Amino acid sequence: MNPAGQYILRLAEMPPGNHSFKYLIDRSFFNLFESSDIDECRINLDVNLQKFEDMILIGFIFEGTARKNCDRCNDMLDVSLKGKEKIIIKYGAASETTGSDEVIFLPVLHNDFDISKYIFDYMNLALPVSRVHPEGKCNRDVVKKLKELSGTKKGSDASGKIDPRWKDLLNLAIKKN
């Protein structure tokens with residue numbers, strides 16, 4: 001079976017009502033895509049689908065961890081991922097009055113819907129922008145070296161001499177409201 005096939009919902013085969021799907025998302029899922037910011041992970045995903053005659057509501061609830069490199073010391077770090085998203089599928093032609101990214105229009109005879117792209121996007125967007133260990137938990141040797149290397153004033157070199165191109169900027173007054 002195609003590994004991506006488990007993320008294709010067979011809409012035509014589903015009777016109206018509630019349907020639930022559970023997935024364990026790991027490295028094999030993200031390997032289905034060319035580029036991902038997530039490699040090692042263990043994320044539980046619940047997909048809840050409500051099918052009506054004229055539309056379908058799909059809810060995604062996920063929680064787990066991904067292993068990433070710390071932005072400060074580059075050691076491995078477990079990053080918590082948690083999210084709740086939804087999409088609405090309507091049958092027919094797209095309407096100009098609907099200005100929502102949550103609403104997707106499908107042709108009336110469309111039988112299948114692949115949710116893997118949405119899962120991929122939601123989980124990558126759930127990653128925190130800054131991924132660092134809590135204060136004091138970073139690799140001490142790396143933090144020590146960073147402090148050594150960043151001990152100079154901005155605009156100066158290692159000897160402390162200020163680059164003349166930036167010297168005039170020190171005289172600018174910054175107004176605070």
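The values are calculated or read from the model by the stated rules, or taken from the named source; none is laboratory data. These figures come from a predicted structure and were not determined experimentally. Because the Cβ atoms are built from the backbone with ideal geometry, glycine has one as well, and the counts that use them run over all protein chains shown.
For beta carbons closer than 9 Å, sequence separation of 6+ or different chains, a first residue in the range 101-126 that is among the small types (Gly, Ala, Ser) and a second that is in a loop (DSSP other than H, G, I, E, B), the qualifying pairs are Ser116/Leu32; Ser116/Phe33.
Of all residues in the range 37-49, those being modelled with pLDDT under 90 and buried (at least 16 other Cβ atoms within 10 Å of the Cβ) number 1.
In the range 55-98, the residue that is surrounded by the most Cβ atoms within 10 Å (Cβ to Cβ) out of those that are within 18 Å of the chain's Cα centre (by Cα) and of a type in the set (Lys, Arg) is Lys68. Number of residues in the range 74-118 that are assigned to a loop (DSSP other than H, G, I, E, B), touching a Phe, Trp or Tyr at 6+ places or on another chain (Cβ under 9 Å) and modelled with pLDDT of 90 or more: the value is 1.
Table: residues versus (1) assigned to a strand (DSSP E or B); (2) touching a residue at least 24 places away in the same chain (Cβ under 8 Å); (3) touching a Lys or Arg at 6+ places or on another chain (Cβ under 8 Å); (4) in the same structural domain as Lys117 (by TED's automatic domain parsing).
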position: Leu9; (1), (2), (3), (4): yes, yes, no, yes
position: Leu24; (1), (2), (3), (4): yes, no, yes, yes
position: Ser36; (1), (2), (3), (4): no, yes, no, yes
position: Ile58; (1), (2), (3), (4): yes, yes, yes, yes
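Only one of these is of a type in the set (Phe, Trp, Tyr) and loosely packed, with under 14 Cβ neighbours inside 10 Å: Phe52, Phe120, Phe29. Name it. Unique residue meeting the criteria: Phe52. Is it fair to say Glu135 is over 25 Å from Asn31 (Cβ atoms), part of a loop (DSSP other than H, G, I, E, B) and assigned by TED's automatic domain parsing to the domain that holds Ser20? When the stated conditions are applied, Glu135 does not pass them. Against the numbered list (1) among the basic types (Lys, Arg); (2) at pLDDT below 95; (3) under 30 Å from Asn111 (Cβ atoms), Lys22 comes up short only at (2). With respect to the numbered conditions (1) surrounded by fewer than 14 Cβ atoms within 10 Å (Cβ to Cβ); (2) at pLDDT 85 or above; (3) out of contact with any Gly (no Cβ under 8 Å at 6 or more places or on another chain), which one is the sole condition not fulfilled by Ser156? Among (1) surrounded by fewer than 14 Cβ atoms within 10 Å (Cβ to Cβ); (2) at pLDDT 85 or above; (3) out of contact with any Gly (no Cβ under 8 Å at 6 or more places or on another chain), Ser156 violates only (2).
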